[in-house]
Amino acid sequence: MQQIVGVAPSGSLGSGYNIAAFKRAMSLGPDFVGQDAGSTDMGPYYHGSGQPFLPRTTYKHDLSIMLRAARAAQVPLIVGSALTSGCNTTLENAVGIIREIAAEEGLSFRMAVIQAEIDKATLKQRMTLAPLESIGPTEALTPETVDRCGPIVAQMGVEPFIKALEAGAEVIIAGRACDDAVFAALPVMRGYDQGLALHCGKILECAGLSAIPYDLGEPMVGILRRDHFVVEPGNADHRCTTVSVAGHSLYERGDFEFQPGPGGLNDLSGTSFEQLDARSVRVRGSRFIPDVTYKVKLEAAEQLGFRSIVIVGIRDPIMIRELDGLLAETEARAEERFGMAAAGMRLRFRTYGRDAVMGRLEPGGAPPREIGLMIEALAPTQEMATAVAMYSRGHLQHAHYAGILTTAGNMAYPFSPFGIPVGPAYRFAVYHLLALRDPCEIFPITLEEVRN
Amino acid sequence: MAEAASNQGETLDHVAKVIRSKNAGPFEITFDIMFDDADAYARVKRSGVIDAMRIASLYRIPPTDVLVCKPFDAALAFKITIRRPVSSGDWLDTDVYGCQQHVPLTGLVVPVA
């Protein structure tokens, strides 16, 4: 039977995965190993700062196992969104790790490196020709916003991967890429249906999150055939069910019927899920509908300033009762002392144990026994942010309130030091579509012969 | 978790298998309500309790910010997507992943049969 088998080791590169289950998956004779290595999911810091989510050693550990396995099996290893934001800096980090592993393990292969960062001058130039279509931010995207942003990346589709595979790449390390494209590229290159290939890729990109028990660290296997695909977990004790696979088809997507991606959208309105045996599910009917104009998603985060925090615990029930008034008073004092608004500084309090998670949607109820209070300041410099956070802490620590019993101090500190400089703070500012003439036009590919 | 609501019906957390929220990109939060029982799914679908206006009032957002609200028979699931009041990780955000915003849905009352 004609088929393409893909193996996804892990749903989150660097978080570790089940090695025994990965070996079992590799014993099924895959045609490629695919790994998604990034996301916007962990918030704007990683896009803004161009820093990876995890320490380098964790990525090296995970990449080493899959690189050796892929080379032993003589099949391509395809990694997308390396690492986290997939900008040029983190991409180069990933490439350095790959070279290092190859040298240590005596591996030789042809490597393709695909960049996904778009030069700011180029982007501003394009913005003068036609404004970019926003799929998120409501504020207009100006050249000044672009300047305040960290690296600007674009999500590539299957085409740059296909170009690299056609050039004989045995290892592909790509910058920001649409998750499912990492897994759909080889099948699409070989003429398999793009809708099924992308849907199968969508299941594989989070690996064991589509199985029961659900676990990002459990490998997943996808078997793509002409008119359907089958998914099953690498772990022989785990299983896929129609509910787990259909459920994952909804995951992190705004709509199940129409899932837009680079160059088109995947239509799942006619998709069916069928239990094939105890562990595997067959999927049919997903259809890719190409756009008239090929568009890719741009992502970037702008810097707001610097953030500093203080974390304390409040246990006294009278202080908890009086807390809102005390916080308002602290804000007023900070305004008086620093001229907060005029100086571009902000202060907020997160009251964990009460309403820090749901905010105004919290229905309320009995007063909490204790509150974890996070004092959070934002300012143009790290020094000023810490000054504001520590000033507010100082005021609250000895503030007087109605009925006070405890005049020796109001808050419990988990450790010293109290003031924590968190570093630069960001927000997503670019989440826009860019039209391309050629799907590969902003994704340059470099080939490298790695010889050891 | 909400208590089962007397004899008028049951709360959704007693009927659904999964009620979850998660970012769908940094500017939207999407909710999946999933069932492991076709009858329970059909009962909720028939009841019409999951509708865009109710979601808007539950999350105190304008109805136009409810971008998707519909059943998906093949998955025994409902898909709801709203515009995030604050984008993921922006200054006033409280939940970067958006994965703890499902709670208001758990108390929706599903009428008996």
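Points worth noting:
- Test: residue in the stretch A:204-220 that is modelled with pLDDT of 95 or more, within 14 Å of chain B (Cβ to nearest Cβ) and in a loop (DSSP other than H, G, I, E, B): no
- Residue within the stretch A:137-158 that is of a type outside the set (Lys, Arg) and closer than 20 Å to A:ASP31 by Cα present: yes
- Among the residues of the stretch A:128-144, the one identified as farther than 22 Å from A:TYR426 by Cα and surrounded by 10 or more Cβ atoms within 10 Å (Cβ to Cβ) is A:PRO131.
- All of A:GLN2, A:GLN51 fail the test of being more than 22 Å from A:GLU100 (Cβ to Cβ) and either among the acidic types (Asp, Glu) or part of a loop (DSSP other than H, G, I, E, B) (or both), apart from A:GLN2.
- Positions within the stretch A:162-212 being in contact with an Asp or Glu (Cβ under 6 Å, 6 or more places away or on another chain), of a type in the set (Gly, Ala, Ser) and within 19 Å of A:LEU265 (Cα to Cα), in sequence order: A:GLY201
- Whichever residue in the stretch A:253-273 is among the acidic types (Asp, Glu) and at the interface with chain B (Cβ under 10 Å from one of its Cβ atoms) and, among such residues, is surrounded by the most Cβ atoms within 10 Å (Cβ to Cβ): A:ASP255
- Out of A:MET345, A:MET319, sole residue that is buried (at least 20 other Cβ atoms within 10 Å of the Cβ) and over 26 Å from A:TYR45 (Cβ atoms): A:MET319
- Some residue of the stretch A:354-377 being within 14 Å of chain B (Cβ to nearest Cβ), over 15 Å from B:VAL86 (Cβ atoms) and among the β-branched types (Val, Ile, Thr): no
- The residue of the stretch B:79-95 that is nearest to A:THR271 (Cα to Cα), among those that are part of a strand (DSSP E or B) and at the interface with chain A (Cβ under 7 Å from one of its Cβ atoms), is B:LYS79.
- Meets criteria (in contact with a strand residue (DSSP E or B) (Cβ under 6 Å, 6 or more places away or on another chain) and part of a loop (DSSP other than H, G, I, E, B)) for A:ARG307: no
- Test: A:ALA389 is part of a helix (DSSP H, G or I) and either more than 21 Å from A:ALA334 (Cα to Cα) or within 13 Å of chain B (Cβ to nearest Cβ) (or both): no
- Residue check, A:ARG350 of a type in the set (Lys, Arg) and part of a strand (DSSP E or B): yes
Residues checked against (1) modelled with pLDDT of 95 or more; (2) in contact with a His (Cβ under 8 Å, 6 or more places away or on another chain); (3) under 30 Å from A:ARG282 (Cβ atoms):
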| position | (1), (2), (3) |
| --- | --- |
| B:ILE29 | yes, no, no |
| B:ALA52 | yes, no, no |
| B:THR81 | yes, no, yes |
| B:CYS99 | yes, no, yes |
| B:PRO111 | no, no, no |
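- Neighbours by Cβ (under 6 Å, 6+ apart or cross-chain): first from the stretch B:19-36, more than 7 Å from every other protein chain (Cβ to nearest Cβ); second of a type in the set (Ser, Thr, Tyr): B:ILE19/B:THR106; B:ILE29/B:SER21; B:PHE31/B:SER21; B:PHE35/B:TYR41
- Residues that are at pLDDT 90 or above and either under 19 Å from A:PRO30 (Cα atoms) or part of a loop (DSSP other than H, G, I, E, B) (or both) within the stretch A:240-263 comprise A:CYS240, A:THR241, A:PRO262, A:GLY263, listed in sequence order.
- Filter pass, B:LEU76 being modelled with pLDDT under 95 and at the interface with chain A (Cβ under 9 Å from one of its Cβ atoms): yes
- Residue in the stretch A:424-447 that is free of Cβ contacts under 8 Å to residues at least 40 places away in the same chain, within 14 Å of another protein chain (Cβ to nearest Cβ), touching a strand residue (DSSP E or B) at 6+ places or on another chain (Cβ under 7 Å) and surrounded by fewer than 19 Cβ atoms within 10 Å (Cβ to Cβ) present: no
Let's see how each residue does on (1) within 11 Å of the chain's Cα centre (by Cα); (2) more than 14 Å from chain A (Cβ to nearest Cβ); (3) more than 30 Å from A:TYR46 (Cα to Cα); (4) crowded, with 21+ Cβ neighbours inside 10 Å:
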{"site": "B:ALA16", "(1), (2), (3), (4)": "yes, no, yes, yes"}
{"site": "B:LEU58", "(1), (2), (3), (4)": "yes, no, yes, no"}
{"site": "B:PRO63", "(1), (2), (3), (4)": "no, yes, yes, no"}
{"site": "B:TYR97", "(1), (2), (3), (4)": "no, no, no, no"}
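- Check on A:PHE418, crowded, with 16+ Cβ neighbours inside 10 Å, closer than 30 Å to A:VAL153 by Cβ and more than 14 Å from every other protein chain (Cβ to nearest Cβ): no
- Test: A:ALA343 is within 14 Å of chain B (Cβ to nearest Cβ) and part of a loop (DSSP other than H, G, I, E, B): no
- If you go through the stretch A:230-252 and keep only what is without any contact (Cβ under 8 Å) to a residue 12 or more places away in the chain and more than 8 Å from chain B (Cβ to nearest Cβ), you end up with just A:ASP237.
- A:ALA37 falls short of the stated requirement of being small (Gly, Ala, Ser) and part of a helix (DSSP H, G or I).
- Within the stretch A:75-110, the only residue that satisfies the criterion of being more than 24 Å from the chain's Cα centre (by Cα) and under 22 Å from A:GLY201 (Cβ atoms) is A:VAL75.
- Residue in the stretch B:41-53 that is within 13 Å of chain A (Cβ to nearest Cβ) and under 26 Å from A:MET42 (Cβ atoms) present: no
- For A:TYR214, the criteria (1) of a type in the set (Ser, Thr, Tyr); (2) over 24 Å from B:LYS70 (Cα atoms); (3) touching a Cys at 6+ places or on another chain (Cβ under 8 Å) hold in every case but one, which is (3).
- Scanning the stretch A:166-187 for residues that are surrounded by 21 or more Cβ atoms within 10 Å (Cβ to Cβ) and part of a helix (DSSP H, G or I) yields A:ASP179, A:ASP180, A:ALA181, A:VAL182, A:PHE183, A:ALA184, A:ALA185, A:LEU186, A:PRO187.
The values are calculated or read from the model by the stated rules, or taken from the named source; none is laboratory data. Given the structure is predicted, the values throughout are model-derived calculations rather than measurements. Quick reminder, even Gly has a Cβ in these numbers, built from the backbone with ideal geometry, and neighbours come from all protein chains shown.
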